[in-house]
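Worksheet for the structure shown next.
The values are calculated or read from the model by the stated rules, or taken from the named source; none is laboratory data. Please read these numbers as outputs of a predicted model, since none were measured by experiment. When we count neighbours, we look across all protein chains shown, and the Cβ atoms used for this are built from the backbone with ideal geometry, even at glycine. When the accessible area is computed, the model is the full protein with side chains, heavy atoms only, and any ligands, DNA or RNA have been set aside. Shrake-Rupley method; radii C 1.70, N 1.55, O 1.52, S 1.80 Å.
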Amino acid sequence: MAAAMAWLRRGAWVPARRCGLAAGRNYSGGGAYPSVSLTCPLPGVPKAVFATAEGRERFETRVTVLENGLRVASQKKFGQFCTVGLLVNSGSRHEAKYLSGISHFLEKLAFSSTAQFASKDEILLTLEKHGGICDCQASRDTIMYAVSADAKGLDTVVNLLADVALQPRLSDEEIEMTRMAIRFELEDLNMRPDPEPLLTEMIHAAAYRDNTVGLNRFCPVENTDKIDREVLHSYLRHYYTPERMVLAGVGIEHEQLVECARRHLLGVEPVWGSGQSSAVDRSVAQYTGGIVKVEKDMSDVSLGPTPIPELTHIMIGLESCSFLEEDFIPFAVLNMMMGGGGSFSAGGPGKGMFTRLYLNVLNRHHWMYNATSYHHSYEDTGLLCIHASADPKQVREMVEIITREFILMAGAVGEVELERAKTQLKSMLMMNLESRPVIFEDVGRQVLATNTRKLPHELCALISQVKSTDIKRVVTKMLHKKPAVAALGDLTDLPSYEHIQMALSSKDGRLPRVYRLFR
């Protein structure tokens, strides 16, 4: 109390009276302060009107279905620019009846010459008038054509998207250039120090052998010369139909987007003619489990003054669930809880340094270069996997460490650990959804799959409801499945698939002991 009185006496802070400042305060020139408080209305000044938070309808995604089955979805967002794109329910998973690699070709051929635009340069010049950029991305289940530009050029943008998707010329010269680009990309993929894209392909091939999402996303080298305009048109005729498309926009008025869609996407005859929906592959993903191994010399992947050491890469995965199921949220929390990363990283909790794969693996085993958890989810299946890399001589020990982590997932989950993972997941979700292109992709993908969209606050509420019992339940169910294994590098000491399967079926995750007479 005495200290507080002394602090007040020094003049650091003096409480004001309810509707007037303390008396006796003067300006430096000698005049007295007026006896007016900011908590009372000022004489002669109009009453302030404070802004209020707008209703949730301001943030809802609006969806309209046109007469031909095309869905138009929009989301308001303040700003001068908008992101608009066309998403097609088409990808490498639909190529079972066709040559593998068609989606890869379509991705590279996007925004080339069309019926209205003579060349790619003409398209880019048209977009530049509205400060726009364009991009096309093909995944296993979706092809996405997107443009970000000034909202005033919306009509031009929608017209361009319709022409690019439905009226491409696919000239011989463009197809030959695409073949060259794909061959170069495949060479680069095999020479890249980071084997992540290659391992992702391998784990999908192991988990879904020769079906749907297990089909190769990249065009095989032997198919580059076989894919031509006729093959592409045959595929497009069946998969690029209005009922399999969504026109999504962020940062524009819904009525305006619908009007543009009616003008440019309603009653348009594609260059390849109309197709029958009966020819569409509607196969459901069949999880098989299994192993894909690629023996490869990784000693000279990165030469130079500080070369990357020779590493063997292992990825072990188990079937999770689709993004349409309720268990998708607990699996997302589990993936965040496992976390992980490279052996060199800086930062605190926000960088995932308190996740299990850091605390239990990277911090305890200095010889491991990487341990990261990934969750791939699709409309009919999902895959939770852990990627690890280490020196080839320590492959067996590394595999056992990963199998033990899978078994420990079904054990006790601390309250602090769970809350941290949930908070981190919500934080990542909200931060990502501050970006306009990310909102666009979220709107487009959700509407394409479910005809509606769950808003961020709904997802955050679902994340908050996840309990430790939910984590244990989904992990127990997951561990009953056969594992999928991908291995790349020097595989001399790699345990057999049967031993890995036995470790994941045991109580402690340990591999069966192997006794050797000679070393």
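Below 8 Å, C-alpha to C-alpha, sequence gap of six or more: please give me the relative contact order for the stretch 132-212 in percent. Can you show the working numbers first?
Working: 31 pairs, mean separation 11.5, N = 81.
Over the stretch 132-212, the number comes to 14 percent.
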Over the chain, with neighbouring protein chains present, the accessible area per residue in Å² at probe 1.4 Å is 51
Give the residue list of trypsin sites (Lys or Arg not before Pro) in the stretch 199-263 that are DSSP loop and have at most 13 other beta-carbon atoms within 10 angstrom.
LYS226
Using θ = phi - 60° and the Karplus form 6.51 cos²θ - 1.76 cosθ + 1.60, what ³J(HN,Hα) does each residue of the stretch 78-86 get, whole Hz, x for Gly and Pro?
5, x, 7, 9, 10, 10, 10, x, 10
Cα centre as origin, Lys/Arg/Asp/Glu Cβ charges: the stretch 89-175 dipole, Debye:
280
Distance cut-off 29 Å, Cα to Cα: go down the list LYS77/LYS129; LYS120/LYS296; LYS97/LYS426; LYS77/LYS467; LYS108/LYS454; LYS97/LYS482 and report the pairs above it.
LYS120/LYS296; LYS97/LYS426; LYS77/LYS467; LYS108/LYS454
Take LYS97 and PHE59, extend 7 Å from each Cα along the Cα→Cβ direction, and tell me the distance between the two endpoints in nm.
4.3
Lys/Arg Cβ at +1, Asp/Glu Cβ at -1, dipole of the stretch 61-266 taken about the Cα centre: which of ALA138, PHE111, HIS238 is farthest positive-ward?
HIS238
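Suppose a student asked you for the relative contact order of the chain, using Cα pairs under 8 Å spaced at least 6 residues apart; what percent would you report? Spell out each step's value before the answer.
Values: 883 pairs, mean separation 90.4, N = 519.
Answer for the chain is 17 percent.
Using only Cα atoms, what is the ratio of the radius of gyration of the stretch 61-266 to 2.2 N^0.38 Å?
Working: Rg = 17.6 Å, N = 206, 2.2 N^0.38 = 16.7 Å.
The reported ratio for this selection is 1.06.
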Just to confirm the filter: which chymotrypsin sites (Phe, Trp or Tyr not before Pro) across the stretch 457-519 are DSSP coil and have at most 13 other Cβ within 10 angstrom of their Cβ?
TYR515, PHE518
Whenever you get a sec, compute what percent of the accessible area on the chain sits on carbon and sulfur atoms (1.4 Å probe).
55
Let me know the Kirkwood hydrodynamic radius for the stretch 350-454, please, with Cα pairs as the basis and the value in Å to one decimal.
16.4
Using the basic label-point model (7 angstrom from Cα toward the beta carbon), what is the ARG209 to VAL221 distance in nanometres?
2.5
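Can you give the FRET efficiency to the nearest 0.05 for GLN394 and CYS40, using r as the Cβ-Cβ distance and R₀ = 51 Å? Please report the intermediate quantities before stating the final value.
On the way: r = 74 Å, r/R0 = 1.45.
For R0 = 51 Å, the calculated efficiency reads 0.10.
Can I get the semi-axes of the chain's equivalent ellipsoid? Compute them from the C-alpha gyration tensor as square roots of 5 times the eigenvalues, in angstrom, largest first.
Listed largest to smallest, the semi-axes of the chain are 47, 39, 22 Å.
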Please compute the modelled spin-label separation between ASP121 and HIS365, points set 7 Å along Cα→Cβ, answer in nm with one decimal.
5.5
Charge dipole of the chain built from unit charges on the beta carbon (Lys, Arg +1; Asp, Glu -1), centred at mean Cα; most positive-end Cα among PRO330, LEU70, THR423 is THR423
So how long is each side of the stretch 290-505 along the principal axes, counting just the alpha-carbon atoms, biggest first, in Å?
49, 42, 35
Net lengthening on full extension, VAL438/GLU185 (0.36 nm per residue, minus Cα-Cα):
88.5 nm
